[in-house]
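Read through the structure below, which is laid out as structure tokens, and then see the notes.
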Amino acid sequence: MRFDVLTLFPEMFPGYLGQSLLKRAIDADLVAVHLHNIRDWAHDRHQSVDDRPFGGGPGMVLKVEPVVEAVEAVEKQVDSGGHLVMLTPQGKRLDQPTVESLADYSQLTLLCGRYEGFDERVRTILQPEEISVGDYVLNGGEVAAMNIIDAVVRLIPGVLGDAESPIQDSFSGENRHRLEFSQYTRPREYRGFKVPEVLLTGNHEEIAAWRQQESTDRTRQRREDLIE
Ligand code: 6GU
């Protein structure tokens, strides 16, 4: 799967992409991430990408020409089967079914905003799918783009080992409506707090039943909204 990220701050990405699961997926050629600086499509010699809003008001607006032309240039580089996503707090809130639908594309262009937002004609012309990562304000779409890459990459076949199968994740498949049970590892006791006895018995049926109950209780306590 290929990601093309359009941003004013491409330098934010290599640290994140260079570690752990993402690094492994990129090294194995299962994932490619191409970074593009929107400023490269600026028209004037000052390389302006933002300007004051018509009608007045605070902040700056991302200009239509560099953004539209950056997206069009990227779209020329990629085969069909791609999809354009605009990261904006005004978009549809990201959830696991949306992540699953994004993972079906062979390429995603992730358009990151900054400042007070995009000139509205960016939307009119490009018709992106608009996605938000939650009801709070970020300084820009970059962290949201990483969030999408992170969640989508987990679903690409071969990225996770068998042991890490995404089938068991919360919010997905059978577990769509439940949180995960609590987990323990060694030591058996720490500062007087003991690992639940049942987990040490080796009785797989009892362990499964305990975990199921734990998961149900947790979901009820913490996320009543997930229970149908
Ligand atoms: Cl995608 N962008 C910004 N700037 N803030 C957000 C967001 C995106 N999603 C939630 N808050």
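The values are calculated or read from the model by the stated rules, or taken from the named source; none is laboratory data. For clarity, every value in this text was computed on a predicted model and none was experimentally measured. Using ideal geometry, Cβ is built from the backbone for each residue, glycine included, and neighbour counts are taken over all protein chains shown. Note: accessible area is taken over every heavy atom of the protein model, side chains too, but ligands, DNA and RNA are not part of it. Shrake-Rupley method; radii C 1.70, N 1.55, O 1.52, S 1.80 Å.
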Query raised in the report: Given the structure, is Leu22 at pLDDT 95 or above, over 19 Å from Gly140 (Cα atoms) and assigned to a loop (DSSP other than H, G, I, E, B)?
Result: no
Query raised in the report: So is Leu138 in contact with a His (Cβ under 6 Å, 6 or more places away or on another chain) and within 16 Å of the ligand (Cβ to nearest atom) or not?
Result: no
Query raised in the report: Are there any pairs, at least 6 apart or on different chains, whose C-beta atoms fall under 6 Å, with the first in the stretch 5-19 and open to solvent by 20 Å² or more (accessible area, probe 1.4 Å) and the second assigned to a helix (DSSP H, G or I) and at pLDDT 95 or above, and if so, which?
Result: Phe9/Glu142; Met12/Glu142; Tyr16/Met146
Query raised in the report: Which ones in the stretch 116-130 are β-branched (Val, Ile, Thr) and farther than 22 Å from Gly59 by Cα?
Result: Ile125
Report task. Within the stretch 185-192, identify whether any single residue is touching a helix residue (DSSP H, G or I) at 6+ places or on another chain (Cβ under 8 Å), open to solvent by 80 Å² or more (accessible area, probe 1.4 Å) and among the charged types (D, E, K, R), and answer yes or no. Result -> yes
Query raised in the report: Condition test on Pro53, is it in contact (Cβ under 8 Å) with a residue 24 or more places away in the chain, outside any strand (DSSP E or B), surrounded by 12 or more Cβ atoms within 10 Å (Cβ to Cβ) and in contact with a Lys or Arg (Cβ under 8 Å, 6 or more places away or on another chain)?
Result: no
Query - Single match in Gly173, Gly202 (criterion: in contact with a helix residue (DSSP H, G or I) (Cβ under 9 Å, 6 or more places away or on another chain), free of Cβ contacts under 8 Å to residues at least 24 places away in the same chain and away from the ligand (no atom under 16 Å from the Cβ)) - result: Gly173
